[in-house]
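Read through the structure below, which is laid out as structure tokens, and then see the notes.
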Amino acid sequence: MVTDLADEKAAAPPQPLPVFFNRIEVLDPAKHAHLKLHRGSGFRFAAKANSISLCLQEIVAAADFYPIVFAEAALTPLAVVGCRDGENALVDSNGRWHSGVYIPAYLRAWPFIPIPTATPEKVAMGFEPDSDHLRADEGVPLFDDKGQPGAMLKELAGLALSYRNNLAETREFVQALDDAGLLHKRGATLKFRSGNSVQAGGFKALDPAKCETLSEDAILAFHRRKWLPMLFAILRSSVRWSQLIDLAEMHQRPVRADSVNGGFNVADSVPSGQ
């Protein structure tokens, strides 16, 4: 759990900042007792992200709704939510997420994020001070009248911290996939029903053929770490490309039939520095 919502010795947030954050401030009940959480703008802050970072423990749930790929450089697992740069096909003009579709934890925790402190076993709760989810006039108060975190803030802090704490094992899992030769660089042309198309690139994906030749020792190693459900879920997620392409076509005016500009690239979607 978060041991300190504010800590004078909180370390400076690493650069570059995590995706969606312009700056990070340490949440302090003495300074921020007036703040309230208001979700009226929904997920507009993520409307231009075509992929969202996932932690290991949500891969199985996310695979039922999104293609899951990996950022080529950071090898971060990503739920693909758009087919063009600067487009999230799951967010409508009112900021609402597509009904009935799993929402990644990184988004649900917004605008909060754990940040390290000078004491290794402690973390401070950071937030985006420019977020329109935080107001003084309306919403759910972050703190009670005694300056203690309210139930809603405790829940969001727990979600953000759970995501952060799962990142180490997430990296171990992806590194194991890469070490086993299961990831390969991908590029493809995404074709819409209208005949238009965009280029997809900047990511790696699981190679189904390589997965079929995985050694018994490797399979046993994944089993011992309880990683096989995630492996199978990622393989299964590839069938979600067609659904995403249809959503993307309905979401935005189609590009020219001969255009491959403004296509899919995940390079800027990784929450760096966490």
**OP:** Any chance you could count how many residues in the stretch 96-143 are over 26 Å from residue 60 (Cβ atoms) and either part of a loop (DSSP other than H, G, I, E, B) or without any contact (Cβ under 8 Å) to a residue 40 or more places away in the chain (or both)?
**Re:** 17
**OP:** Spot the failing condition for residue 64; the list is (1) at pLDDT 95 or above; (2) over 28 Å from residue 142 (Cβ atoms); (3) touching a strand residue (DSSP E or B) at 6+ places or on another chain (Cβ under 7 Å), and only one is missed.
**Re:** (3)
**OP:** Identify, by number, the condition in (1) surrounded by fewer than 16 Cβ atoms within 10 Å (Cβ to Cβ); (2) touching a helix residue (DSSP H, G or I) at 6+ places or on another chain (Cβ under 8 Å) that residue 155 doesn't meet.
**Re:** (2)
**OP:** State whether the residues of the stretch 174-189 include one that is within 16 Å of residue 19 (Cα to Cα) and crowded, with 18+ Cβ neighbours inside 10 Å.
**Re:** no
Original post:
Is it true that residue 200 is surrounded by 14 or more Cβ atoms within 10 Å (Cβ to Cβ), without any contact (Cβ under 8 Å) to a residue 40 or more places away in the chain and closer than 22 Å to residue 49 by Cα?
Top reply: no
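On the given criteria, is residue 73 surrounded by 24 or more Cβ atoms within 10 Å (Cβ to Cβ), touching a residue at least 60 places away in the same chain (Cβ under 8 Å) and not β-branched (Val, Ile, Thr)? If you could, list the steps in order and put the result at the bottom.
Details: surrounded by 24 or more Cβ atoms within 10 Å (Cβ to Cβ): no; touching a residue at least 60 places away in the same chain (Cβ under 8 Å): yes; not β-branched (Val, Ile, Thr): yes.
For residue 73, the condition - surrounded by 24 or more Cβ atoms within 10 Å (Cβ to Cβ), touching a residue at least 60 places away in the same chain (Cβ under 8 Å) and not β-branched (Val, Ile, Thr) - is not met.
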**OP:** Report whether or not residue 132 is over 14 Å from residue 27 (Cβ atoms), touching a Ser or Thr at 6+ places or on another chain (Cβ under 6 Å) and modelled with pLDDT under 95.
**Re:** yes
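Being in contact with a strand residue (DSSP E or B) (Cβ under 9 Å, 6 or more places away or on another chain), at pLDDT 90 or above and of a type in the set (S, T, N, Q) narrows it down to one of 237, 197, 215, so name that one.
Values: 197 fails: at pLDDT 90 or above; 215 fails: in contact with a strand residue (DSSP E or B) (Cβ under 9 Å, 6 or more places away or on another chain).
Result: 237 is the single residue among 237, 197, 215 that is in contact with a strand residue (DSSP E or B) (Cβ under 9 Å, 6 or more places away or on another chain), at pLDDT 90 or above and of a type in the set (S, T, N, Q).
For the stretch 213-232: of the residues being closer than 30 Å to residue 248 by Cβ and free of Cβ contacts under 8 Å to residues at least 60 places away in the same chain, which is surrounded by the fewest Cβ atoms within 10 Å (Cβ to Cβ)? Can you show your working first?
At the first step, the residues of the stretch 213-232 found to be closer than 30 Å to residue 248 by Cβ are 229-232.
Cutting the leftovers down to free of Cβ contacts under 8 Å to residues at least 60 places away in the same chain gives us 231-232.
Values: 231: 21, 232: 15.
The selected residue is 232.
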**OP:** Determine if the stretch 89-99 includes at least one residue that is crowded, with 22+ Cβ neighbours inside 10 Å, over 13 Å from the mean Cα position of the chain (by Cα) and farther than 21 Å from residue 163 by Cβ.
**Re:** yes
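The values are calculated or read from the model by the stated rules, or taken from the named source; none is laboratory data. No experiment lies behind these values; they were computed from the predicted model shown. Cβ: placed from backbone, ideal geometry, glycine included. Neighbour counts: every protein chain shown.
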